[in-house]
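Below is one structure, written out as structure tokens; comments come after it.
The values are calculated or read from the model by the stated rules, or taken from the named source; none is laboratory data. All values reported here derive from a predicted model rather than from experimental measurement. As a convention, Cβ positions derive from the backbone with ideal geometry for all residues, glycine included, and neighbour counts pool all protein chains shown.
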Amino acid sequence: MLPKLTQARFWRAALCTVSVSMCTLAAAQDTAARNSANTEMRSAGTASATTPRSQDDAYVIGVDDVLAINVWKEPEVSKTVPVRSDGKISLPLAGEVQASGQTPRQLELDLSRRLASYIAQPEVTVIVQEIKSQKFNILGQVAKPGAYPIANNPTVLDAIAQAGGFRDFAKQKSIYVLRRNADGTESRLLFNYKDMIRGKNADQNIKLQANDTIVVP
């Protein structure tokens, strides 16, 4: 049996070892949690069909887009905010920030720089939650002509439905889509509604792109 003094030293050493082990484990768990949360936030950006961050980090934020901004361990600063008509957003501590014209990654870096005065090593994630800046136009003989946001990859038929359908004298065989090409030229893409409902020329029911204009004579 160990002498009392030796026993006391033994138990003190054992307690120190356990304490160090617990601290090391807690630190490891905290690091793992941070990494896991960051991964989940990035993955969230790749999960939604309407979040351009998932599709392309080169997406340029525009007016009316809705942004989900997460600052690690700072729930008071983390917000879902719309991009105002002046292209800016408001965020606690960061103040007024220009969002329009920036990519999500650029805005993350800008916000991190601004928040660094108040938060030690801020970790910011920006996800475009709703695309509302990119729109198509529909004109002519429809119930509700105007501009509509592109969401969920709408087709020409989807656009006509969104616009409330045809007016009485719409020329349903003579619809066309005007599309601006990268070289500055304009294409006219024909759409015959009568053929479509008969199951013909289904390839005319194209997916719309930003700034397309549908004309219903």
Checklist line | region 83-102 residues that are surrounded by fewer than 14 Cβ atoms within 10 Å (Cβ to Cβ), paired with ones that are part of a strand (DSSP E or B) and not charged (D, E, K, R) (beta carbon under 8 Å, 6 or more apart) | finding: SER90/VAL81; SER90/VAL97; GLU96/ILE89; GLU96/SER90
Notebook entry, point to check: Within region 65-82, how many residues are closer than 21 Å to ALA151 by Cβ and surrounded by 14 or more Cβ atoms within 10 Å (Cβ to Cβ)?
Noted result: 7
Next item on the list: Looking at (1) closer than 15 Å to ASP65 by Cα; (2) outside any loop (DSSP other than H, G, I, E, B), find the lone condition where ALA151 falls short.
Entry: (2)
Next item on the list: Output the residues belonging to region 167-189 that are within 25 Å of ASN152 (Cβ to Cβ), of a type outside the set (Gly, Ala, Ser) and surrounded by 12 or more Cβ atoms within 10 Å (Cβ to Cβ).
Entry: GLN172, ILE175, TYR176, VAL177, LEU178, ARG179, ARG180, LEU189
Next item on the list: Working only within region 91-123, note down all residues that are hydroxyl-bearing (Ser, Thr, Tyr) and part of a loop (DSSP other than H, G, I, E, B).
Entry: SER100, THR103, SER117, TYR118
Check: Among the residues of region 148-156, is there at least one that is closer than 30 Å to PRO75 by Cβ and crowded, with 19+ Cβ neighbours inside 10 Å?
Finding: no
Notebook entry, point to check: If a residue has to be within 16 Å of the chain's Cα centre (by Cα) and farther than 18 Å from LEU189 by Cβ to count, how many in region 135-162 make the cut?
Noted result: 3
Next item on the list: Report the residue count in region 193-217 for those that are over 30 Å from VAL60 (Cα atoms), at pLDDT 95 or above and crowded, with 17+ Cβ neighbours inside 10 Å.
Entry: 2
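Does SER36 satisfy the criteria of being more than 28 Å from PRO149 (Cα to Cα), at pLDDT below 50 and not in a loop (DSSP other than H, G, I, E, B)?
yes
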